[in-house]
Amino acid sequence: MTDQGEVAVVRWPGQTPSAQDGPAGPAGLLAAYHLQTQAEKGEAVAGVDALPDRYRAEIADPRAAFVDDVVLLAMSGDTAVGCLVVTAPVDKGSEVKRLWTDPAFRGRGIAAELIGAALVHAAESGAGTVRLSVWKWRSGAIALYERLGFTVTESWDERDQLVCMERAV
């Protein structure tokens, strides 16, 4: 069982091999994220093998899927309990995506810590803004983003029910 003590945010992959790879790392978190999102969209699937190809690719090989991006993990011991992806800056802007916290660890500020680390990384990488998109039914996430200074902006994505937000760094 995972110790629910202190949680540290680290960059993945790190300098040394650890349990951050495999099901206790980003692949497991990405699988939970994508399965939950499909269910919330009313398109629940029985397992990872039934997810759309692009999501299965992220889960099968996160290193390849996010080769140009930075993956941040919230670690409790050797177990990843939260993740977030920050894209490399394009036109002075980065994007945050795939924010997920293991349900057993929610309510402890992990998502806010991950976003804070993402904002620092984006600023250090030369980004002037950070943007993200979130499904409108994820009201708790939207409230968190607003508390952290994100505001709703014009959509850059044609998918219905997607809220686009950004903030300066």
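Looking only at residues in segment 5-36 that are within 16 Å of residue 86 (Cβ to Cβ) and buried (at least 16 other Cβ atoms within 10 Å of the Cβ), which one is modelled with the lowest pLDDT? Once the filter is applied, the top-ranked residue is 13. Apart from one condition, residue 79 fits all of (1) modelled with pLDDT of 95 or more; (2) in contact with a helix residue (DSSP H, G or I) (Cβ under 7 Å, 6 or more places away or on another chain); the exception is (1). When both residues are 6+ apart or on different chains and their Cβ atoms are under 7 Å apart, which pairs have a first residue that lies in segment 24-50 and is touching a residue at least 12 places away in the same chain (Cβ under 8 Å) and of a type in the set (S, T, N, Q), and a second that is assigned to a loop (DSSP other than H, G, I, E, B) and surrounded by fewer than 19 Cβ atoms within 10 Å (Cβ to Cβ)? Cβ pairs passing all conditions: 38/44; 38/45. Quick one: would you say residue 67 is part of a loop (DSSP other than H, G, I, E, B) and closer than 15 Å to residue 11 by Cα? It is true that residue 67 is part of a loop (DSSP other than H, G, I, E, B) and closer than 15 Å to residue 11 by Cα. The requirement of being surrounded by fewer than 19 Cβ atoms within 10 Å (Cβ to Cβ) and at pLDDT below 95 is fulfilled nowhere in segment 114-121; no residue meets it. Among residues belonging to segment 139-158 that are part of a loop (DSSP other than H, G, I, E, B) and in contact (Cβ under 8 Å) with a residue 24 or more places away in the chain, point out the one that is surrounded by the fewest Cβ atoms within 10 Å (Cβ to Cβ). Among those that are part of a loop (DSSP other than H, G, I, E, B) and in contact (Cβ under 8 Å) with a residue 24 or more places away in the chain, it is 157. Scanning segment 101-111 for residues that are part of a helix (DSSP H, G or I) and either surrounded by 16 or more Cβ atoms within 10 Å (Cβ to Cβ) or within 11 Å of the chain's Cα centre (by Cα) (or both) returns 105, 110, 111. Note on segment 129-138: among residues that are farther than 14 Å from residue 88 by Cβ and over 16 Å from the mean Cα position of the chain (by Cα), the one that is surrounded by the fewest Cβ atoms within 10 Å (Cβ to Cβ) is 136. Scanning segment 123-154 for residues that are under 18 Å from residue 37 (Cβ atoms) and hydroxyl-bearing (Ser, Thr, Tyr) returns 133, 139, 145.
Checking each residue in segment 73-94 for being part of a strand (DSSP E or B) and either aliphatic (A, V, I, L, M) or farther than 17 Å from residue 33 by Cα (or both) picks out 73, 74, 75, 76, 80, 81, 84, 85, 86, 90, 93, 94.
If the condition is being surrounded by 13 or more Cβ atoms within 10 Å (Cβ to Cβ) and out of contact with any Lys or Arg (no Cβ under 9 Å at 6 or more places or on another chain), then segment 51-69 contributes 51, 55, 56, 57, 59, 60, 62.
The values are calculated or read from the model by the stated rules, or taken from the named source; none is laboratory data. As the structure is a computational prediction, the values presented were derived from the model and not from experiment. Virtual Cβ from ideal backbone geometry, glycine too; neighbours counted across all protein chains shown.
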